[in-house]
1. Of everything in the range 518-549, what is of a type in the set (A, V, I, L, M, F, W, C) and over 30 Å from residue 364 (Cβ atoms)? Give them in sequence order.
2. List the strands (runs of 3 or more DSSP E) inside the range 389-504, counting only whole elements, that have at least 3 residues being within 16 Å of the ligand (Cβ to nearest atom) and of a type outside the set (Lys, Arg).
3. Among the residues of the range 492-500, are any closer than 18 Å to residue 677 by Cβ and among the acidic types (Asp, Glu)?
4. Quick check: anything in the range 171-179 of a type in the set (S, T, N, Q) and closer than 24 Å to residue 624 by Cα?
5. Assuming residue 640 fulfils every condition listed in (1) within 16 Å of the ligand (Cβ to nearest atom); (2) buried (at least 21 other Cβ atoms within 10 Å of the Cβ); (3) closer than 18 Å to residue 276 by Cα; (4) not acidic (Asp, Glu) apart from one, which condition is it?
6. Might you let me know whether the range 380-387 holds any residue that is within 15 Å of residue 10 (Cα to Cα) and buried (at least 20 other Cβ atoms within 10 Å of the Cβ)?
7. List every residue pair whose Cβ atoms lie under 6 Å apart, where the two residues are 6 or more positions apart in sequence or sit on different chains, the first residue falls within the range 414-441 and is farther than 21 Å from residue 86 by Cα and among the hydrophobic types (A, V, I, L, M, F, W, C), and the second residue, located anywhere, is in a strand (DSSP E or B) and within 15 Å of the ligand (Cβ to nearest atom).
8. Contact list please: Cβ distance under 7 Å, first residue in the range 468-481 and more than 18 Å from residue 527 (Cα to Cα) and in contact (Cβ under 8 Å) with a residue 60 or more places away in the chain, second residue in a helix (DSSP H, G or I) and among the basic types (Lys, Arg), pairs at least six apart or on different chains.
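The values are calculated or read from the model by the stated rules, or taken from the named source; none is laboratory data. In this text, all values refer to a predicted model and were calculated from it rather than measured experimentally. Neighbour counts are summed over all protein chains in view; Cβ atoms, including those assigned to glycine, are modelled from backbone coordinates with ideal geometry.
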Amino acid sequence: MTAQRIPPQLPLLFQPSAESVLRDAQRTIQESTAVWDDVVKNVSPEQANIENTIIPIAHIENETMAVNDVVYLFATTHPSEEIRVASKAAKRLTDNAEVDRYLRNDMFTLVDAVLKNTDEALTHPETYRFLVKHHAKFAENGCDLKGAAKDKFESDKKKLKSITQQYLTNLDDDQSGLWFSQSDLDGLPSSFVESLKTGDGENRGKYWVNMKKSHHERILKYATSEQTRMQYFIAHQSRMPANIPLCHEIFLLRHSLARQMGWQSWAKFKMSNKMMTSPDAVRSTLLDFKNKSSELKKKQIADLLALKKADAPASNDQDTKLFLWDVAFYKKLLQEKSYSIAAQSISEYFELRTVISNILSLYGRLFEIQFEIVTCDVAQYLHGDQSSATRWHDDVFFYSVWDLRAESSFLGYIYFDPHPRQGKYTHTGHFNLQKGFERQGGGRKYPCAALITNQAKAVDGKPSLLSPNEVRAIFHEVGHGLHNLLSVTKFARFHGPKVDRDFVETPSILFEFFLWTPDRLREVSCHYSHVSTELEAAWKTANPTAQGLPPQKLPDEMIEAVIYSAHDTLGDLRNLHFGLYDLAVHDPPSTEALEHMNICATYNQMWFDTVGVHGGEAVGDLGWEWAHGESVVRLIMGDQYDAGYYAYIMGRMWALDIFETFFEKDTMNTQEARRYREMLLKPGGSQSGWKTLTEYLGREPNPGPYYRWLKRSS
Ligand SMILES: [Zn+2]
């Protein structure tokens, strides 16, 4: 046993079977129903108050979330397909049961009475917020409706859940890819090509490139053949034909549900519950950004196009265009030309495990907290024979987290699941694995954060190396993890990142700007040859003639190159495209307009209109239906960023406002970090995001710092 502290809350055990996953979910449904029945049986509308009606519901919700968050995690992370399927079925069961609960008029009558009889000024603010949100949820589930209207609403709502889940499952289970010959893959790092599956039969001598993020990023950035990049790009956009018909169906169902509830559009309904309450106000901010960035956009496109023309002078020079599949490649080339540095040599300073450990120690210093890896020894000590079940896969590792400001104050756990595998979530994301809350009998439930990412695994002694963008993504997700770990709320539904949906990205985007400063970038870096004797040997084998090792930390000229490429107007405009498309499908001018909307063409046309770079419409004869990007979009289709994608754009504006105002001069200002932690992270969603942000800033946010940041790239 090492000298580690013993956490007051043991690590979770992950020992699911398909049966236990369903059983756990069913048990939470039964327990919730029992509490609801009990309240309805024992309380009359005249007597109904916070204590006898709201608090019992809140407590059972807290406990239910603690069970179900683990059950849901398996859907996209567990190595067993049977368990993934069971987890998805469990989610469907609990979702449907929740819809059923919030359709109960007997409970709605009580909650309505409590809301009418409760004096906000005399009630704990978080409890009052619970009451208001709880009340609103009945309306969201059509509780105000009666008879056939109510039946239709219920059936539409379940249908929407099921289609949406099918859409997302299709993406999770995506196994598509393309075979490429060695020459097709010219320009790609040899370590990457060697890690690819090779074919036999008609594919003998070819390499299998899948559609996951790590392959996607590398092909578009490194493949010197435009044909390869184009073929891959178009195939990537159109990889999910099964989802094509589901898109329109989802938007129509959402629109219809909003109308049934009395809202004009899905966006108006969703924003009724957010920081930004009007789609028109959001649209106007987004269009303002589009206008203000148009000169920068033209300049970036002209720079990249000039490089393309110089790089591969075509016979018809006049007609040479910059395409979407060129952007990452020429951006990388521009960086290399401007700084004479190969992108691959920058990645050598970002070895996966070292980056994670350095990011944690950086966050640790800033917020005066400590991350202690939970070794096998410690897991064994805490859980005996069951210690191997403290992780859901062998790749997973985790830390206990401690507050250094208070003696032995435990904060929770953070898990990392870094490598891709079949059936796993294919993006980079933070999962609220356990939310914190006040337990019924006293004491706290401590939170657990899980970071699910997809960096290629180290093979044959060669390290897993990250691009600066992948490092940024980890910085971002650990930012969500910190929001989870440093929040203290009464109720699980408000814990940490469970803020207004359009505020959730701000705290994590803020930390991306920490990375784009020379000191922090240097701090996170470490050339892989300095990580271990094995990796030192690997580097020497790959560089047999080199004298000595490269410097340990990222050299200044590389730091400059990385920060230069972080100012990415075209990348920001791509997000703007998603934001505007999201509003187009969720806030159409009329029902007829949505019914007649060509979703695919709308998506592609808005892409060109926003980013200004051509796609397949300029090469083939398919026009605006050159690919089906609308069917592989994830966030807008799930139930978290629908009519809310703008959170990534406005979140960036708000984050830069915070960064420039409070942290830019001194990124390791622990005094300011304390204030930030107390005022911005700790409350979670226990108050509105607008209140949190404006109280922390001491004023309303302004987009000026964001535009200044963009301009620095020119
Ligand atoms: Zn995020």
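1. Looking only at the range 518-549, we keep the residues that are of a type in the set (A, V, I, L, M, F, W, C), and these are 521, 524, 526, 531, 535, 537-539, 542, 546, 549.
The answer is 537, 542, 546.
2. Where strands (runs of 3 or more DSSP E) fall fully within the range 389-504 and carry at least 3 residues being within 16 Å of the ligand (Cβ to nearest atom) and of a type outside the set (Lys, Arg), they are 429-434, 448-452.
3. Of the residues in the range 492-500, the ones closer than 18 Å to residue 677 by Cβ are 494-499.
Of the ones still in play, those that are also among the acidic types (Asp, Glu) are none.
So far as the range 492-500 goes, no, none of its residues is closer than 18 Å to residue 677 by Cβ and among the acidic types (Asp, Glu).
4. So in the range 171-179, the residues of a type in the set (S, T, N, Q) come out as 175-176.
Filter again for closer than 24 Å to residue 624 by Cα, leaving 176.
So far as the range 171-179 goes, yes, one or more of its residues are of a type in the set (S, T, N, Q) and closer than 24 Å to residue 624 by Cα.
5. (2)
6. Residues of the range 380-387 that are within 15 Å of residue 10 (Cα to Cα), as a first pass: 380-387.
Then drop every residue that is not buried (at least 20 other Cβ atoms within 10 Å of the Cβ), which leaves none.
So far as the range 380-387 goes, no, none of its residues is within 15 Å of residue 10 (Cα to Cα) and buried (at least 20 other Cβ atoms within 10 Å of the Cβ).
7. Sorted first by the residue in the range 414-441, then by its partner, the pairs are 414/449; 416/451.
8. Cβ pairs passing all conditions: none.
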